[in-house]
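These notes are about the structure you will find just below.
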Amino acid sequence: MSRSANGADGRTAIVIGAGIVGVCCAVSLQRAGYAVTLIERDQPGMACSFGNAGNIGSSSFLPYSTPGIARRIPKMLMDKRGALKVRPGQFLKSLPWFVRFVRAGRADRVARIIEARRAILTRALDAYEPLLRDAGGRDVIQAKGKLMLFESEAAFQAVQRDLGARRDGGARVDVLSSDEVRQLQPGLSPSIVKGVFLPELSHCVNPLRLTRQLLAHFLARGGILQAAEVKGFAPRGDGPPRVMTDSGPCEASVVVLAAGVWSKALARQLGARVPVESQRGYHAMLAEPAVDIRIPLMANARNVLITPMEEGLRCTGIAEHAGVEAAPNYALTDLVLDHARALIPGLRTERVSRWMGQRPSTPDSLPVIGRSPRHPGVIFAFGHGHTGLTMGAITGKLVAELAAGGPTTIDVAPYRPDRF
Ligand SMILES: Cc1cc2nc3c(=O)[nH]c(=O)nc-3n(C[C@H](O)[C@H](O)[C@H](O)COP(=O)(O)OP(=O)(O)OC[C@H]3O[C@@H](n4cnc5c(N)ncnc54)[C@H](O)[C@@H]3O)c2cc1C
């Protein structure tokens, strides 16, 4: 059996999963004096955390389910060019999640969810600051703002709830004319009639580099990365259950479950039913886009995000329900590219790489952060859905505070695992 080397006062921690959330948890626990072992079955940072749109969504307060969603879902599903997809055979399996999703969209619940998202998102960028200060490579997150594009007045009106939530939460929202949009970002289609600039937002220019930088710092400070697959848990007299891996059991004074979409099955083994669903997203990465896009772009009506990154222009979109195991449908990246070309007519798409990642999505658009209901020595840190890159560092901070048993920076009650 492997035991972690002892940290301050003999405190040890195991973190399962080396995506951005797990790595941030590992770093934060290490900073709090724990000797940490991070267990990863694959390459760190190469699952969902690899190919996301890189947006630090500090003012994405509005959840994905809002009043009227029950009427909109069928329309969204019938739209061949729309982002929401459910594979045949997945409908019945995903139905309970969609029922919860619709319920989460009731006006009274949405108000509470906005408040809970605001509490965590407004602290998200600051939480990366100390980690990147110590690890180096702060330039991986850049403050260029974000530009929302609209091709009709109706498309602009459709985001008023989103803009209202941002404004109410204290974010700056600048409405731009079509000329102002083109001055800010040349090369856009004449079809764009209006824009909204969110000047305070930042984005990550290389999500994999972000994870790797933090991981390298963690390892340099004595953290352990164990290449193994967690298979389950075994009871232990005191403390959290033993973690059973394909290379043997291990134990620690705190266990953190941060395995993204795969956390659901592991949480189930710990007696917790958490409705996390895989929402697959796709990206097309353009190595030579031929148009100089300087600001992250978003077109809500097309459900695409276009982000300038170190290695090219990344076009992302799609929320596909197909379960965890199904093969990717890379044809969906063509749809993303069609939308991107419509917004940026000069876009060159010959040199393209395609990717699929599984967002660990909860029906109420809130992450799962808190102690396992049956095994308080295990802390859950998953279910970040569309904003997991954003929430990585603040989640790590909250997990370290929970592990220490002290007060947390924000009230974590809205994220508790047994809220469903
Ligand atoms: C197209 C797309 C665009 C997105 N855009 C944004 C964005 O702009 N901004 C934003 O904030 N978020 C965005 N997201 C969401 C974000 O990428 C995710 O929420 C986030 O990456 C989840 O991180 P994670 O660490 O929880 O999971 P993952 O990155 O999936 O990591 C989980 C890790 O756990 C490991 N693991 C699983 N099971 C086991 C096991 N049994 N044993 C050992 N290891 C295990 C896996 O191998 C994996 O490495 C986007 C997602 C997609 C798909």
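The values are calculated or read from the model by the stated rules, or taken from the named source; none is laboratory data. Being a predicted model, the structure only gives us computed values, none of them experimental. Here the Cβ is made from the backbone with ideal geometry for all residues, glycine too, and neighbour counts use every protein chain on show. SASA here: full protein model, heavy atoms, side chains in, ligands and nucleic acids out. Shrake-Rupley method; radii C 1.70, N 1.55, O 1.52, S 1.80 Å.
Here are the numbers for the structure shown:
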| item | result |
| --- | --- |
| Filtered residue count, the range 223-278, keeping only those that are of a type in the set (Gly, Ala, Ser), assigned to a loop (DSSP other than H, G, I, E, B) and under 19 Å from the mean Cα position of the chain (by Cα) | 2 |
| Sole exception among (1) in contact with a Leu (Cβ under 6 Å, 6 or more places away or on another chain); (2) surrounded by 20 or more Cβ atoms within 10 Å (Cβ to Cβ) for Leu225, by number | (2) |
| Test: residue in the range 357-367 that is touching a helix residue (DSSP H, G or I) at 6+ places or on another chain (Cβ under 8 Å) and farther than 20 Å from Pro96 by Cα | no |
| Only one of Ser191, Ser177 that is modelled with pLDDT of 95 or more, among the hydroxyl-bearing types (Ser, Thr, Tyr), closer than 28 Å to Leu77 by Cα and open to solvent by 10 Å² or more (accessible area, probe 1.4 Å) | Ser191 |
| Test set (1) within 10 Å of the ligand (Cβ to nearest atom); (2) surrounded by 24 or more Cβ atoms within 10 Å (Cβ to Cβ); (3) farther than 18 Å from Lys146 by Cβ - Ala265 fails condition number | (2) |
| Qualifying residue in the range 324-345 (condition: part of a loop (DSSP other than H, G, I, E, B), more than 13 Å from the ligand (Cβ to nearest atom), outside the structural domain of Leu398 (by TED's automatic domain parsing) and of a type in the set (D, E, K, R)) | no |
| Selected residue (criterion: farthest from Asp292 (Cα to Cα)) from residues of the range 155-167 that are touching a residue at least 40 places away in the same chain (Cβ under 8 Å) and open to solvent by 60 Å² or more (accessible area, probe 1.4 Å) | Arg161 |
| So Gly137, is it touching a Lys or Arg at 6+ places or on another chain (Cβ under 8 Å) and within 18 Å of Tyr64 (Cβ to Cβ) | no |
| Enumeration of residues in the range 307-316 that are within 13 Å of the ligand (Cβ to nearest atom) and in contact with a Leu (Cβ under 7 Å, 6 or more places away or on another chain) | Cys315, Thr316 |
| Any hit, the range 236-244, residues being among the hydrophobic types (A, V, I, L, M, F, W, C) and open to solvent by less than 40 Å² (accessible area, probe 1.4 Å) | yes |
| Criterion (more than 16 Å from Phe420 (Cβ to Cβ) and surrounded by 22 or more Cβ atoms within 10 Å (Cβ to Cβ)) met by exactly one of Ala327, Ala331, Ala322, Ala342 | Ala322 |
| Selected residue [on the phi > 0 side of the Ramachandran plot, part of a strand (DSSP E or B) and either in contact (Cβ under 8 Å) with a residue 40 or more places away in the chain or within 10 Å of the ligand (Cβ to nearest atom) (or both)] from Gly357, Gly370 | Gly370 |
| Residue satisfying all of: in the range 130-150; in a loop (DSSP other than H, G, I, E, B) and in contact with a helix residue (DSSP H, G or I) (Cβ under 8 Å, 6 or more places away or on another chain); nearest to Leu62 (Cα to Cα) among these | Gly137 |
| Within the range 385-420, considering residues that are in a loop (DSSP other than H, G, I, E, B) and in contact with a Gly (Cβ under 8 Å, 6 or more places away or on another chain), the one least open to solvent (accessible area, probe 1.4 Å) | Val412 |
| Total residues in the range 203-244, condition in contact with a Pro (Cβ under 9 Å, 6 or more places away or on another chain) and basic (Lys, Arg) | 2 |
